[in-house]
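These notes concern the structure reproduced below.
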Amino acid sequence: MLNKRQFLKSLLLSAALPFKLKSEAFLKEMPHSWTAEAFEDYWLKIRNDYKLKSDYINLENGYFSMMSQPVLEAYLEDVRKVNLEASYYMRTVQFDNKQKTKERLATLVGCAPEELIITRNTTESLDTIISGIDWKPGDEAVMAEQDYGSMLDMFKQQAKRFGMVNKMVSIPLNPKSDDEIVDLYANAITPKTRLLMVCHMINISGQILPVKKICDMAHAKGVEVMVDGAHAIAHIDFKISELNCDYYGSSLHKWLGTPLGAGILYVQKDKIKKLWPIYGEYAVADDNIKKLNHTGTHPVYTDLAINHAIDYHNSIGIKRKEERLRFLQNYWTSKVKNTKNIYLNTPEDTQRSCAIANVGISGIKPADLAKTLLNQYKIWTVAIENTNVHGVRVTPHLYSTTDALDQFVIALKEIANL
């Protein structure tokens, strides 16, 4: 017979196990044939799992993609459970539950659990690597102008502090081939290069880069590769183990649909030992990735909620999800392509992007375009001003409808003709 302590521990451990989705029944009832009508009916059912504001159309899901209602309700229950047990939970099963969550994440992304930690976001993950390398004066790192600003800032800090050198490339929007991009990075590498950072999916344009080919090239030259996968996990179908990268960071509150403050960091097993942790963790061996995961007291129910997001994601399936997201992007971009005064900042090759795209209108600043879309058409986007990307980023989600995208297309064409 279980004593009270054992009973409570088993009850709390169950919080990290898969839950039964309220929408599970219809998700398993797949149409016998994917006619256009059945296709849209299926995604309308998915839409019903999201509580949406009625006063604007949300086409900016790249920053934070909201939780579905089944995930949100399960998450709130986790908050109540943890709050009920308070310090008892924190001192007994907190770490067991986090380990279970980590193991499920490792299966999802395709790596060994001992090569993965749960972080708060991509920035924290990749900054852990950038700041963890023992830089020497003259060491070089290669990156792109289109990379995320927070990581570029961290590289600048290392340059200022340690005298390392940052070398920049610029990614073309419409490369002739993968080789053009691979060669761009290859030509920036010298004998002093220690690290190459590359985006899996560029956040401002949605462009998907040939990461494995870049990794293979860099490794042949003796250079490690760190991948910014902020937008790739649970968005496109791949496994980290297939990429041949050394480090990989991502945010789970984007396309996996977790609460805010959930991310991952992957470090290849033989690269862990040499990294310096941001915070001292001397109770952990140098070759144990947990040394990089000294978080202190944090919202542990977010760790639990990752499980619910995984369940929801798996019930749909990554292949079906990727197909839908690419369909939505191609649906609206095909309707404005070659329209006077409208230009796209996303690759023409449909396999080089997925949900994310960027659009601009000649003579209108991105900030003004975003403001007009919101104030006059009740459509929420985000303005982007970068080296070769000037427009608004448009990011539909699984709950987005073709009707909503039609309204967006009409708005763009009206603004373009003003």
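Taken as a whole, segment 215-231 holds at least one residue that is under 26 Å from Asn388 (Cβ atoms), of a type in the set (Asp, Glu), buried (at least 20 other Cβ atoms within 10 Å of the Cβ) and touching a helix residue (DSSP H, G or I) at 6+ places or on another chain (Cβ under 9 Å).
Counting only strands (runs of 3 or more DSSP E) that sit completely within segment 336-418, those holding 1 or more residues that are among the aromatic types (Phe, Trp, Tyr) correspond to 342-344. Scan segment 381-403 for residues that are buried (at least 19 other Cβ atoms within 10 Å of the Cβ) and under 30 Å from Phe39 (Cα atoms) and the total you get is 10.
Taking segment 171-183 as the range and being surrounded by 15 or more Cβ atoms within 10 Å (Cβ to Cβ) and within 13 Å of Asn388 (Cβ to Cβ) as the test, the residues that pass are Ile171, Leu173, Pro175. Selection within segment 292-305: residues that are touching a Leu at 6+ places or on another chain (Cβ under 9 Å) and farther than 18 Å from Leu84 by Cβ. The member of this set that is surrounded by the most Cβ atoms within 10 Å (Cβ to Cβ) is Leu292. Taken over segment 78-122, residues that are in a helix (DSSP H, G or I) and without any contact (Cβ under 8 Å) to a residue 40 or more places away in the chain amount to 12.
Of all the residues in segment 316-349, those that are buried (at least 17 other Cβ atoms within 10 Å of the Cβ), in contact (Cβ under 8 Å) with a residue 60 or more places away in the chain and polar (S, T, N, Q) number 3.
Among the residues of segment 324-335, the ones that are among the small types (Gly, Ala, Ser) and either in contact with a strand residue (DSSP E or B) (Cβ under 8 Å, 6 or more places away or on another chain) or assigned to a loop (DSSP other than H, G, I, E, B) (or both) come to 0 in all. Going residue by residue through segment 237-247, is there one that turns out to be surrounded by fewer than 20 Cβ atoms within 10 Å (Cβ to Cβ), farther than 21 Å from Arg320 by Cα and modelled with pLDDT of 95 or more? Yes, some residue in segment 237-247 is surrounded by fewer than 20 Cβ atoms within 10 Å (Cβ to Cβ), farther than 21 Å from Arg320 by Cα and modelled with pLDDT of 95 or more. For segment 259-274, filtered to residues that are out of contact with any Ser or Thr (no Cβ under 7 Å at 6 or more places or on another chain) and crowded, with 24+ Cβ neighbours inside 10 Å, the residue that is nearest to His397 (Cα to Cα) is Tyr266.
For segment 253-309, the candidate set comprises residues that are in contact (Cβ under 8 Å) with a residue 40 or more places away in the chain and of a type in the set (Lys, Arg); within that set, the residue that is nearest to Tyr89 (Cα to Cα) is Lys290. Any idea which of Ile289, Ile278 is in the same structural domain as Thr119 (by TED's automatic domain parsing), surrounded by 18 or more Cβ atoms within 10 Å (Cβ to Cβ) and touching a helix residue (DSSP H, G or I) at 6+ places or on another chain (Cβ under 7 Å)? Answer to the check: Ile289.
Consider segment 160-170 and keep the residues that are within 21 Å of Asn386 (Cβ to Cβ) and without any contact (Cβ under 8 Å) to a residue 40 or more places away in the chain. The one that is surrounded by the most Cβ atoms within 10 Å (Cβ to Cβ) is Val169.
The values are calculated or read from the model by the stated rules, or taken from the named source; none is laboratory data. Model, not experiment: these values are computed from the prediction. Backbone-built Cβ (ideal geometry, glycine too); neighbour counts: all protein chains shown.
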